[in-house]
1. Inside the stretch 181-206, can you point out the residues that are closer than 19 Å to D119 by Cβ, buried (at least 23 other Cβ atoms within 10 Å of the Cβ) and either under 13 Å from the mean Cα position of the chain (by Cα) or among the basic types (K, R) (or both)?
2. Name every residue in the stretch 125-156 that is within 26 Å of the chain's Cα centre (by Cα), small (G, A, S) and more than 27 Å from F200 (Cβ to Cβ), in order of residue number.
3. Can you confirm whether the stretch 163-176 contains a residue that is open to solvent by less than 40 Å² (accessible area, probe 1.4 Å) and of a type in the set (G, A, S)?
4. Within the stretch 104-116, is there a residue that is under 28 Å from V270 (Cα atoms), open to solvent by 40 Å² or more (accessible area, probe 1.4 Å) and at pLDDT 90 or above?
5. When the residues of the stretch 141-158 are filtered to those that are among the β-branched types (V, I, T) and part of a strand (DSSP E or B), which remaining residue is nearest to V210 (Cα to Cα)?
6. Within the stretch 111-127, how many residues are without any contact (Cβ under 8 Å) to a residue 60 or more places away in the chain and part of a helix (DSSP H, G or I)?
7. Being open to solvent by 60 Å² or more (accessible area, probe 1.4 Å) and either within 20 Å of W251 (Cα to Cα) or among the aliphatic types (A, V, I, L, M) (or both) is the filter here, so list the residues in the stretch 207-220 that pass it.
8. Would you mind stating whether T231 is closer than 19 Å to A257 by Cβ, out of contact with any strand residue (DSSP E or B) (no Cβ under 8 Å at 6 or more places or on another chain) and surrounded by fewer than 21 Cβ atoms within 10 Å (Cβ to Cβ)?
Amino acid sequence: MPRPTPARSAPRPTHTRRPARAPRPAGRTAARRPRTGGSASAQAPRHRTRWLWLLLVLAVAAGAGVPAWQQHQDSARYPITTADLDRARQELAGLDVKGRAPTTGYSREEFGPAWADVDRNGCDTRNDVLARDLSDLTFKDGTQNCVVLTGVLDDPYGGDTIDFERGERSADVQIDHVVALSDAWQKGAQQWDAATRQEFANDPANLLAVDGSINQAKGNGDAATWLPPSTGFRCAYVVQQIRVKAAYGLWVTEAEASAMDRQLDGCITVD
């Protein structure tokens with residue numbers, strides 16, 4: 001089969017630190033009043049207001065909702081252009097919508113050796129991505145800047161800053177396939193030849209250096225079952241998934257397409 005055109009990398013986020021949140025105003029303590037013979041009906045609206053306020057606070061604290069202003073503030077860290085958004089909408093509309101195929105026959109080895117040097121630059125793909133996504137880099141001597149020893153990751157998935165050090169804690173920073181390999185297998189990749197699958201697994205447009213624990217939690221999730229905890233990165237993340245799936249001819253499920261569409265509706269654009 002002809003090879004699909006490799007996806008062009010989605011716009012990389014500008015790594016700026018999240019503005020510190022203003023401290024919440026201290027809650028007011030109401031002065032106690034002596035009980036009076038006022039009617040219960042006069043007190044009921046006041047009691048209902050207090051309970052509704054308490055429920056709202058608990059809901060936000062439990063993660064049931066994020067204030068809209070905060071989502072917009074976080075999204076400004078990873079803006080996309082209007083052209084990017086328009087392209088993502090067109091590409092999403094062009095994706096086939098089907099159910100998942102079974103995972104029968106899937107294994108990581110079906111996508112070739114992990115982190116092969118497919119671009120023949122002398123460095124394996126993992127180190128290429130670390131060098132691209134981390135700052136304050138140091139490299140192992142004698143490797144022609146191919147083996148990253150240390151660096152700092154501004155993690156797009158969780159929003160934290162992570163110090164990377166090669167060795168026992170290397171897994172603190174992992175390279176995520178934005179479109180997971182197993183997800184791709186169930187949505188068209190099992191029909192590819194071995195060379196195309198290896199190209200897909202090492203395509204920089206489908207790779208991000210991220211927090212290792214968050215990457216493990218993602219597993220093989222698609223947009224319908226998993227999105228980055230950092231709400232501000234979700235738009236850029238979905239745009240990148242759509243671009244990769246469109247470039248490689250992968251399909252989406254109905255639930256996945258709906259989830260992607262909802263995220264595009266919340267994108268913040270800059271021009």
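The values are calculated or read from the model by the stated rules, or taken from the named source; none is laboratory data. Because the structure is a prediction, the values reported are computed rather than measured. Using ideal geometry, Cβ is built from the backbone for each residue, glycine included, and neighbour counts are taken over all protein chains shown. Please note that ligands, DNA and RNA were not included when accessible areas were found on the heavy atoms of the full protein model with its side chains. Shrake-Rupley method; radii C 1.70, N 1.55, O 1.52, S 1.80 Å.
1. Within the stretch 181-206, just N206 meets the criteria.
2. S135, the sole residue that qualifies.
3. So far as the stretch 163-176 goes, yes, one or more of its residues are open to solvent by less than 40 Å² (accessible area, probe 1.4 Å) and of a type in the set (G, A, S).
4. The answer is no; no qualifying residue exists.
5. This residue is V152.
6. Matching residues across the stretch 111-127 total 2.
7. Scanning the stretch 207-220 gives A217, N220.
8. For T231, the condition - closer than 19 Å to A257 by Cβ, out of contact with any strand residue (DSSP E or B) (no Cβ under 8 Å at 6 or more places or on another chain) and surrounded by fewer than 21 Cβ atoms within 10 Å (Cβ to Cβ) - is not met.
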